[in-house]
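The values are calculated or read from the model by the stated rules, or taken from the named source; none is laboratory data. Treat the numbers as computed from the prediction; the structure is a model and nothing was measured. Note: ideal-geometry Cβ built from the backbone for every residue, glycine included; neighbour counts use all protein chains shown.
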Amino acid sequence: MKAAPFDYVRANHVQHALELLSQWGGEAKLIAGGQSMVPMMAMRLARPVCLVDIDRIAELKQFKLHSDHVTLGAGVRQSTVEHSAELCKALPLVAQALHWVGHQQTRNRGTVGGSLSYADPSAELPLASLVLGANMQLESASGGVRSVLAPDFFLGPMFTALAEDECLTAIDWPIWQGAGIASSFEETAIRHGDFAMASAACQLQVDDHGKFTRLSFGVGGVDGTPLVFSDLAVQMQGQTFNEETARELAHLAASRSQPGTDIHANADYRKHLAAVLLHRVLWKAYQSACKSFRTH
Ligand SMILES: Cc1cc2nc3c(=O)[nH]c(=O)nc-3n(C[C@H](O)[C@H](O)[C@H](O)COP(=O)(O)OP(=O)(O)OC[C@H]3O[C@@H](n4cnc5c(N)ncnc54)[C@H](O)[C@@H]3O)c2cc1C
């Protein structure tokens with residue numbers, strides 16, 4: 001199919017894009033890399049009256065490393081992150097997640113902000129943003145700038161806290177500091193590059209006795225949004241892990257998910273998959289964090 005007729009305006013700067021969104025009053029949609037928007041329009045699942053192209057706005061393409069966080073402009077391409085040694089070092093979980101996002105060609109066009117705004121429950125970057133506690137900067141012509149933390153940003157499948165006249169302009173990603181940090185991202189998809197049937201992500205920090213000082217983990221593709229298990233993570237503070245306790249934690253977390261059934265897998269299978277993947281990331285990251293003390 002071909003897209004329904006639409007107007008097209010290329011915004012020159014953020015304020016220009018915000019004014020256009022405000023003028024069109026909900027009839028306009030932003031387009032960044034177009035990797036989700038164009039297929040949606042071609043299938044007529046999206047029929048914007050006007051497309052506001054933000055892909056050439058220089059302000060949205062910038063990123064900055066601070067001592068405790070990285071600010072990524074929403075328009076930074078996914079491939080820019082995966083090919084930047086400094087960003088991968090600061091945000092190892094994001095680098096691991098990107099490995100699973102589509103294909104090199106889609107990552108060359110797709111933006112970090114586009115993936116977060118699209119909010120597919122199976123998408124990797126929303127899960128990574130929840131696990132790391134990313135902070136989204138939203139901007140509108142009328143309301144100025146507001147910050148929304150990842151758990152308050154993802155409200156349902158393809159549904160976020162973004163208002164019709166708002167643009168996601170930047171994302172602050174916390175950098176974990178100190179020794180004994182490791183992360184892991186795993187997923188199962190029908191083919192590599194497809195959206196995940198289920199995915200799991202974890203970042204943790206241990207002391208030199210293998211006791212948790214910090215833990216954050218979550219799953220994607222098995223509920224309306226990715227899920228993060230902050231209460232379970234807090235309970236692990238000061239404790240050590242073995243393969244069995246990692247499995248128990250994974251099963252407990254996965255039992256909270258509410259996956260759907262489709263032609264690829266039923267709900268029970270997806271829940272099982274979530275538990276398996278969670279166990280894998282928890283145990284892998286824990287072993288690698290403990291090992292980091294032995295190799296230094
Ligand atoms: C073959 C193929 C495979 C794919 N596989 C995966 C996969 O495995 N995992 C995955 O996560 N994605 C996958 N995708 C989807 C895609 O790569 C990402 O979702 C995409 O990168 C989104 O970024 P974009 O810049 O292209 O967004 P666009 O397509 O331009 O926009 C997506 C949505 O976000 C909105 N939007 C974009 N930028 C902003 C902003 N700054 N502020 C507010 N709203 C905004 C748009 O209005 C639109 O609704 C795949 C796509 C293709 C074509």
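For the range 190-220, a tally of residues being of a type in the set (Phe, Trp, Tyr) and in a strand (DSSP E or B) returns 2. From the list Leu130, Leu149, Leu138, the one residue that fits, being in contact (Cβ under 8 Å) with a residue 40 or more places away in the chain and outside the structural domain of Gly25 (by TED's automatic domain parsing), is Leu130.
Among the residues making up the range 98-124, those that are assigned to a loop (DSSP other than H, G, I, E, B), at negative phi and either outside the structural domain of Thr71 (by TED's automatic domain parsing) or more than 9 Å from the chain's Cα centre (by Cα) (or both) are His99, Trp100, Val101, His103, Gly110, Asp120, Pro121, Ser122.
Scanning the range 194-205 for residues that are at pLDDT 95 or above and surrounded by 24 or more Cβ atoms within 10 Å (Cβ to Cβ) gives Ala198, Ser199, Ala200, Ala201, Cys202, Gln203, Leu204.
Applying a threshold of 6 Å to beta carbon distances and a minimum spacing of six or more residues, or different chains, the list of pairs starting in the range 261-283 at a residue that is surrounded by 17 or more Cβ atoms within 10 Å (Cβ to Cβ) and ending at one that is part of a helix (DSSP H, G or I) and among the acidic types (Asp, Glu) reads Trp283/Glu243. When Leu168, Leu127 are checked against the criterion of being in contact with a Gly (Cβ under 7 Å, 6 or more places away or on another chain) and assigned to a helix (DSSP H, G or I), a single residue qualifies: Leu127.
Among residues that are within 16 Å of the ligand (Cβ to nearest atom) and in a loop (DSSP other than H, G, I, E, B), Glu187 is not included. Against the criterion of being out of contact with any strand residue (DSSP E or B) (no Cβ under 6 Å at 6 or more places or on another chain) and more than 23 Å from Gly110 (Cβ to Cβ), Gln205 does not qualify. Within the range 46-70, the set of residues being more than 10 Å from the ligand (Cβ to nearest atom) and more than 22 Å from the chain's Cα centre (by Cα) comprises Arg47, Val49, Cys50, Arg56, Ala58.
Per the listing Gly224, Gly238, the residue uniquely surrounded by 14 or more Cβ atoms within 10 Å (Cβ to Cβ), in a loop (DSSP other than H, G, I, E, B) and modelled with pLDDT of 95 or more is Gly224. Can you tell me how many residues within the range 18-61 are at pLDDT below 95 and closer than 14 Å to Leu168 by Cα? Looking only at that region, the number is 0. From the list Ala85, Ala74, Ala97, Ala90, the lone residue that is in contact with a His (Cβ under 9 Å, 6 or more places away or on another chain) and within 30 Å of Leu282 (Cα to Cα) is Ala90. Among the residues of the range 176-193, at least one is in contact with a Gly (Cβ under 8 Å, 6 or more places away or on another chain) and either at positive phi or not assigned by TED's automatic domain parsing to the domain that holds His264 (or both). Within the range 124-143, one or more residues are modelled with pLDDT under 95 and either crowded, with 21+ Cβ neighbours inside 10 Å or out of contact with any Ser or Thr (no Cβ under 7 Å at 6 or more places or on another chain) (or both). Screening the range 130-165 for residues that are outside any loop (DSSP other than H, G, I, E, B) and among the polar types (S, T, N, Q) and picking the one that is farthest from the chain's Cα centre (by Cα) gives Ser140.
Looking only at residues of the range 71-129 that are among the acidic types (Asp, Glu) and over 22 Å from Thr160 (Cβ atoms), we find that the one that is farthest from the ligand (Cβ to nearest atom) is Glu86. Here the condition is being in contact with a Phe, Trp or Tyr (Cβ under 9 Å, 6 or more places away or on another chain) and more than 30 Å from Met197 (Cα to Cα); of Val70, Val49, it holds for Val49 alone.
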